[in-house]
Amino acid sequence: MAEQWLNLDELKDLTGWSGRTVQQKAQAGELRWRRAEVLYRNGRPVRQYSVFSLSADLQAKLQCHRAAVCRSESGRRDRKGSQLVLFGANQAPGEARPLPVSIAQSEQIESRITAIRPLIEYLKLQSKSQRQAWCFQHSRAIANSNDLVALIAKENGCSRATIWRWLALYERGGASELFDLPRKDKGQSRWFASHPQVRIFAAYLYLNERQSISFVRDQIEQEAEMLGLSREDLPSWETVRAFLSRDISRTMKVYAREGRREYRERMAPYLKRGYTDVWANQIWVGDHAIHDAEVSNDLFEDVPFGTPGRLRISAFVDYRSRKAWGTWAWEGSSRSIGATLLRAISEAGPPEGIYVDNGKDYKKVAKGAARACELPEFDDDDAKAPKGWYEEEYSQIERTGLLRRLGISVTHCIPRHPQSKHVERFFRTMHMHFDAVHSTYTSGSPFTRPEATEVAMARHRRLLKAGRVAESDHPLASRFILGCLSWIGEYNETPQSGEGMDGRTPNQVFESEHNPNQKPKPEPAVLASLFCERARRTVQECAVRLKNYRYLPRPEDRLAWAAMHEANETEILVDYNPQEPEFALALTTDGRILAWLEAEPLLRFAPNDPKTQAQIAESMLNRRGLERATRDTLKTIEVAARSLGAQSAEEMLYKRLKLPTITGSVITQQKPRFRPERTATAPLTAAEIAADFFEKAG
């Protein structure tokens, strides 16, 4: 620890000793002291005394005193910082002196240091002989420091008091104290400072009423009598403009004239979160967004065909890796959130927590889920909502929220504060790199919408009204969704330079920084909570058809294939989410889970494509495997029955019957008889006989 030193006054205040007592203790060696570089007015160096040479009680007293002073100064700073200054920012007494910021101020410091440097050197000399030698060396004919100050003042064209003042400032704070402070009323209107009632009146009209500068000037003139102004004392337009432009802070203007939202986004402080202190797949950030491109509906059954609109995407972004998942809906809801969770969890497994906004749909999904700031223990038989400041928010929530069932905690962000969800950055990238390439790009605002989009929108509506929507150039909703799904896959494979990414892709970071405590993928019974609708279907050829999709078990899930194979031509229940048609869950009519189903990918007509060939080979492998399993099962049954003495039905029949020894009496079929042919033929002619003879002879 560095040694601490006290001057004489500080030591006397701490100990209560007199100056004579301190001198005696220093001479006796009880106090260790040194000469400081700071000098008194008479040129003698200041003595400082070591804290470590004091007793333990005095050292403890000093530490307690310093801690109290620090708390007091901190409290004064906090109280002072909590009060906003409406007009200007006058420097209060005792505040830290500002630093030089201009070239002129730096030059002023340099010139004043040059002026007082001889005086500083002269006062550092202790003996008279040293000072005489210094005067001879620098050609100074002086007898004492006062003569030197008078000479320096004459050389610099100022008074002796000014030179002494410069020296005192330098000794107090160094070179940064030697420049002149700006005027305290710099940047402020002196006219409005002398008329406080007009200042309040003008600020009220400009801030609270959001009026223009010209309106404020006119109102001051019209209300001059009320404000106590004469016609000769009215401010000019430039005076009013200067006051409203310079004296009122930008923060105050934004909050009053542009609104609370603009203030929070542009002026309010916020905390920047780190990315490298969490694992990949540990925290997901979710939100809805509206695409900035208009499409024509050809997919959503609850919306008329051809209806123009902007699709809603419900997305989750992994906090660490920025890997994204998304699903689409005509209108965002808790169903689309559940669909997105289903897609992401099926691919990557569940996270430890999600970070979402305060919308009703997200609160519905999060019902009953533990908050990330407090994870209470729940009992399945008697679960209660968490207590605390958010008790009212959860008091009416049911106990069966899907996040609670999946063991995922939830954190709700600050309302109307987009800086707190970095999924917004993903949405901005999507708007710029995907939405903007479409011919119906709307830019998100009618004021900046391209003219070509306006023409396309009007044309589509005319064609829709005329029943000729097929002639429209609007992109179809199905094609738009497939395109965005492919773009998200490309986004997850694009290198990024954000914090913690180091030029890697989201997929690479997701794999390399994966959560070591990753929860396993939930069982189908748990994932069933993500489905919101149920239908009855008949199994045909190990598959079910639902809303133009054919659903099959996963290729690697042999047990699911066997269950669906056994359920052929029987009626089952199918749980599904209309917003996520890729997945479904097959159940028996009494609620037992049969299999996890996926929408069958259509086979591309490309016989020589390796991917297509692999798809065909996998399908044939499942087909042969199921047939072989069925055949082997039948053979096993036969062998087991034969081992128990069972016989075939034919053997059991003939064993039970007694056959007759003669069968002739029961046969009625007649034997065939040989008869001459009834067809007449003509005799051979002489020529035919001769030809036959020569043929045989030759």
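Please treat every number below as a calculation from the coordinates, not as lab data. Note that this is a predicted model, so its numbers are computed, not measured. Ideal geometry is used to build each Cβ from the backbone, glycine not excepted, and the neighbour counts take in all protein chains shown.
The table below lists the values:
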quantity: Cβ-derived FRET efficiency at R0 45 Å, Arg257 paired with Leu482, nearest 0.05; calculated: 0.50
quantity: Residues with amide H under 5 Å from that of Leu476, placed H, sequence gap 5 or more; calculated: Ser296
quantity: Label-point separation, Ala104 to Gln23 (7 Å along Cα→Cβ), nm; calculated: 5.1
quantity: Violating pairs (Cα-Cα greater than 32 angstrom) within the set Lys124/Lys154; Lys25/Lys128; Lys323/Lys465; calculated: Lys323/Lys465
quantity: Calculated FRET efficiency for the pair Thr633/Arg536, C-beta based, R₀ 30 Å, to 0.05; calculated: 0.60
quantity: Spin-label model distance (nm) - Arg32 vs Arg241, 7 Å beyond Cα toward Cβ; calculated: 6.8
quantity: For q = 0.18, 0.24, 0.26 Å⁻¹, Debye-computed log10 I/I(0) when each Cα of segment 190-266 counts as one equal scatterer; calculated: -0.69, -1.10, -1.26
quantity: Calculated FRET value between Asn144 and Ser445, using beta carbons and R₀ = 60 Å, to 0.05; calculated: 0.15
quantity: Rg over Rh, two decimals, segment 138-207 (C-alpha only, Kirkwood Rh); calculated: 1.36
quantity: Arg550 long-range amide H proximity, modeled H, under 5 Å; calculated: Glu600
quantity: Dipole moment magnitude, nearest 20 debye, segment 190-266 about Cα centre, only Lys, Arg, Asp, Glu C-beta charged; calculated: 580
quantity: For Glu121, net neighbour charge (Lys/Arg +1, Asp/Glu -1) across residues whose Cβ lies under 13 Å away; calculated: +3
quantity: Rg over Rh, two decimals, segment 103-177 (C-alpha only, Kirkwood Rh); calculated: 0.98
quantity: Amide H within-cut-off set for Asp287, under 5 Å, with H built and near neighbours excluded; calculated: Ala315
quantity: Simple label model, 7 Å out from Cα along Cβ direction - Glu223 to Ser129, nm; calculated: 8.2
quantity: Magnitude of the charge dipole, segment 128-284, Cβ model with Lys/Arg +1 and Asp/Glu -1, debye to 20; calculated: 680
quantity: In Hz, Karplus ³J(HN,Hα) per residue of segment 46-55 (6.51, -1.76, 1.60; θ = phi - 60°; x = Gly, Pro); calculated: 7, 8, 10, 10, 6, 5, 5, 8, 7, 6
